Amino acid sequence: MTTTSGGPAIEASGLRKAYGDKAVLDGVDMVVPAGTVFALLGPNGAGKTTAVKVLSTLVAADAGHVRVGGHDVVAGAQQVRAAIGVTGQFSAVDGLITGEENMLLMADLHHLPRREGRRVAAELLARFGLDEAARKPASTYSGGMKRRLDLAMTLVGGPRIIFLDEPTTGLDPRSRHTMWGIVRGLVADGVTVFLTTQYLEEADELADRIAVLSEGRIAAEGTAEELKRLVPGGHVRLRFTDPAAYRSAAAALRGAGGDEEALTLRVPSDGSQRELRSVLDRLDAAGVEADELTVHTTDLDDVFFALTGGRDVPAQPGSSSTLRKEETR
């Protein structure tokens, strides 16, 4: 992740948008520094896509002020559109023509001279690893290839601000990681990326700053580490198979939460090596050995649940690390 100096790429204050009686955005404020990745998280229906549409001039806000690339999105809509690129949730790729033809069509839409358009198309196809498939119909591309082509098409006009609305939805883990590498490369070149996602790991990996949108409002904003500090919950979980060992451990680890039926103890912890060693030392002093030890540190899943009530949160890769007795011998 790279942060550059300079004025904000995106500024919004008091942003409001309603559809009928439903307030989708209800007083949203945000500032996105140039050359950074800003991630907007939120459950389904929180207003993420509406925010992208307003910031990219596709939908007019009911109230509030928005500047993108230094231009007002209402008074300077044409200047904003010239400075941005948008990759939506659904691919804009035309499957009936080749990848190269899709790129050349975008070059024509940007009024690039024919020779310049071919040069830009060839460079971007190579950059996104699509040069070998360039002359094949886009309908034959995999999901990951189509998303890469979609993003390459967005870059034909050389935008300095890119809106990516859930760009990796439906992609397999390998394709998702490929897209992450592309985003990092864009930001290294000074491009600003405004990302909406439901993949919490994605925001953690890519974003310089993260905002959590809930019921039309920003519930919290900060770096991933700042958000994680908002929510307690780190702990060490110990599981036993011998009831006597469980009771001895409970006596040695006063203050730990216990589940006598499951023979598990939960010890509050920040996940540091020092605290883990302290727990193990106290067990050793009591002559007790746990059958399983799991360390859980607070992650964005915890933040998301705490701030949004856990609505519509997709399954995430586990953030816990587990050590079983047989694995540590």
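The values are calculated or read from the model by the stated rules, or taken from the named source; none is laboratory data. As the structure is a computational prediction, the values presented were derived from the model and not from experiment. Heads up, the Cβs are rebuilt from the backbone with ideal geometry, glycines too, and the neighbour counts pull from every protein chain shown.
At a glance:
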quantity	calculated
Qualifying residue in region 88-95 (condition: surrounded by 14 or more Cβ atoms within 10 Å (Cβ to Cβ) and under 30 Å from GLY27 (Cβ atoms))	yes
Residues of region 100-124 classified as under 23 Å from THR169 (Cβ atoms) and touching an Asp or Glu at 6+ places or on another chain (Cβ under 9 Å), total	1
Qualifying residue in region 66-76 (condition: assigned to a helix (DSSP H, G or I) and either touching a residue at least 24 places away in the same chain (Cβ under 8 Å) or not small (Gly, Ala, Ser) (or both))	no
Elements of type helices (runs of 4 or more DSSP H) in region 103-188, at least 3 residues being of a type in the set (Val, Ile, Thr), crowded, with 21+ Cβ neighbours inside 10 Å and modelled with pLDDT of 95 or more	none
Evaluation of VAL80 against (1) buried (at least 19 other Cβ atoms within 10 Å of the Cβ); (2) hydrophobic (A, V, I, L, M, F, W, C); (3) in contact (Cβ under 8 Å) with a residue 40 or more places away in the chain (one fails), failing number	(3)
Matching strands (runs of 3 or more DSSP E) fully within region 194-293 where at least 3 residues are under 19 Å from THR308 (Cβ atoms) and not charged (D, E, K, R)	209-214, 217-222
Scope region 69-91; condition out of contact with any Phe, Trp or Tyr (no Cβ under 9 Å at 6 or more places or on another chain), of a type in the set (A, V, I, L, M, F, W, C) and under 25 Å from THR36 (Cα atoms); matching residues	VAL73, VAL74, ALA77, VAL80, ALA82, ALA83, PHE90
Filter result for the condition that a residue is modelled with pLDDT of 90 or more, outside the structural domain of VAL28 (by TED's automatic domain parsing) and over 26 Å from VAL86 (Cβ atoms), over ARG282, ARG254, ARG266, ARG274	ARG282
Number of the condition not met by HIS111 [criteria: (1) at negative phi; (2) free of Cβ contacts under 8 Å to residues at least 24 places away in the same chain]	(1)
